[in-house]
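Since the structure comes first, as structure tokens, the remarks are kept for the end.
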Amino acid sequence: MWTFFGVLLVVFGAGFPAFLPTGLRPIFDPRIVGGKQINITEVPYMVAVVYYGAQYCGGSIISDVVVMTAAHCTPGITERRTKIRVGTSYRSGGGELLPIKKILPHENYEHYLEGNDIALIWMESPLVFTDTVQPVNLPALDFSLDAGVVARVTGWGYLTTNGPSSEQLMAVDVPIVDRDVCYEAFRAWVNMDMICAGFTAGGKDACQMDSGGPLVVNDTVMGIVSWGNGCATPNYYGVYTNVAHFRDWIEDKLENSTWIIHN
Ligand code: ARG
């Protein structure tokens, strides 16, 4: 029953709970990947990557002209058909839908399981920063987080492994997991290009269409949603691009421009 209303909430977006008495609203809060609804003002660096009009990945603002996302969000897409939606809590409306100039996936990205799952997107024109549009900090090169530190991941992605997506921006707080523990869980693949976060018991995770979105600690983007095994599956974790490991690469790409990198 409540699941049914949860689905309705997704279909009708954030407008739906407005019909309900205030006291009832929390019951309809979709929590299937363990998240909660948040407002863009809490994470003003969060953007939607939109292709042919539909959000399919997340991203984060790292300067007034550059958005960072996952490389696996970029194959096959063209600059002309891709837009970035900034400054909104909603998946398909609000804020501004802006054109881009250049998509630059990591040169050594082949498949996300092999790492280098990072891409930069240059905006057509500089962003105007407001309380809903702000850059996020980048970590120092190879800065590493201790296991147990709580990070926040945000997105409009699936509320369960099989969907649907969320019209309202969602956030979930997940602890950083020791890389060796994560490697053991997947029995392979996890390397220094990646960081893991989540609970052994499962229940809270990023999911499809959250890809490219930010995993943040102290206003610093430590991870990019990259891959996992289903979503929120017990004994597995969410795997994120280890942004600190790519700080040099990011710097290098921004250097040849007059564009400012915010750290
Ligand atoms: N690759 C997925 C995407 O394209 C994101 C997967 C994240 N999965 C997870 N369990 N954390 O949207």
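Derivation of every value follows stated rules applied to the coordinates shown; laboratory data play no part. All values derive from a computational prediction rather than experimental measurement. In this analysis, Cβ positions are derived from the backbone assuming ideal geometry, glycine residues included, and neighbour counts consider all displayed protein chains.
I want the local charge near GLN208. Using Cβ-Cβ distances under 15 Å, sum +1 for each Lys or Arg and -1 for each Asp or Glu among the other residues.
Local charge sum for GLN208: -2.
Amide H of ASP210 versus every other amide H placed in the peptide plane: which residues, excluding those fewer than 5 positions away on the same chain, fall under 5 Å?
Excluding prolines and chain starts, which carry no amide H, the hits are GLY157, TYR158.
If you place +1 on the Cβ of every Lys and Arg, -1 on the Cβ of every Asp and Glu, and leave all else neutral, what size is the dipole of region 40-101 about its Cα centre, to the nearest 20 Debye?
260
Give a residue-ordered list of calculated ³J(HN,Hα) values for region 148-163 (Karplus: 6.51 cos²θ - 1.76 cosθ + 1.60, θ = phi - 60°; whole Hz; x for Gly, Pro).
So the J values, rounded to whole Hz, are x, 4, 8, 10, 10, 10, 10, x, 9, x, 4, 8, 9, 3, 9, x.
Just subtract the alpha-carbon distance of VAL149 and ILE77 from 0.36 nm times their residue separation and send over the number in nm, one decimal.
22.4 nm
According to the square roots a ≥ b ≥ c of the eigenvalues of the Cα gyration tensor, what is the shape class of region 129-205, taking rounded for a/c under 1.5, prolate for a/b larger than b/c otherwise, and oblate for the remainder?
Oblate, because a/c is 1.5 or more while a/b does not exceed b/c.
Starting from the Cα gyration tensor of region 130-263, take the square roots of the eigenvalues, sort them a ≥ b ≥ c, and report rounded, prolate or oblate (rounded when a/c is under 1.5, otherwise prolate if a/b is larger than b/c, else oblate).
Taking the square roots of the gyration eigenvalues as a ≥ b ≥ c, region 130-263 is oblate.
For the ranges 128-135, 230-237, 154-161, what's the packing order if you count other beta-carbon atoms within 10 Å of each residue, average per peptide, and put the highest first?
Those peptides, ordered most packed to least, come out 154-161, 230-237, 128-135.
Amide H neighbours of MET194 under 5 Å, counting only residues 5+ apart in sequence or on other chains, H built in-plane at 1.01 Å?
ASN242
When Lys and Arg each count +1 and Asp and Glu each count -1, what net charge do the other residues less than 11 Å away from GLU79, Cβ to Cβ, add up to?
Its environment carries a net charge of +4.
Would you mind computing, in nm to one decimal, how far apart the modelled labels at LYS101 and VAL128 are, each placed 7 Å from Cα along Cα→Cβ?
1.9
In whole Hz and in residue order, list the ³J(HN,Hα) couplings for region 77-91 that follow from phi through the Karplus curve 6.51 cos²θ - 1.76 cosθ + 1.60, θ = phi - 60°; x for Gly and Pro.
Listing the rounded values in order: 9, 10, 4, 4, 9, 9, 9, 10, 9, 10, x, 9, 8, 10, 5 Hz.
Sort out for me the Cα centre separation of region 32-106 from region 125-158, rounded to whole Å.
Taking the Cα centre of region 125-158 as reference, the centre of region 32-106 is 13 Å away.
Using each residue's phi in region 181-190, evaluate 6.51 cos²θ - 1.76 cosθ + 1.60 at θ = phi - 60° and report the 3J(HN,Hα) Karplus result to the nearest Hz, with x for Gly and Pro.
4, 5, 4, 4, 4, 8, 6, 3, 6, 6
So who's got an amide H within less than 5 Å of the one on ASN235, skipping anything under 5 residues away but keeping other chains? H placed 1.01 Å off N, in plane.
HN-HN under 5 Å from ASN235: ALA201, GLY202.
Run the simple label-point estimate for THR233 and ASN39 please: 7 Å along Cα→C-beta, distance reported in nm.
Roughly 3.8 nm, to one decimal.
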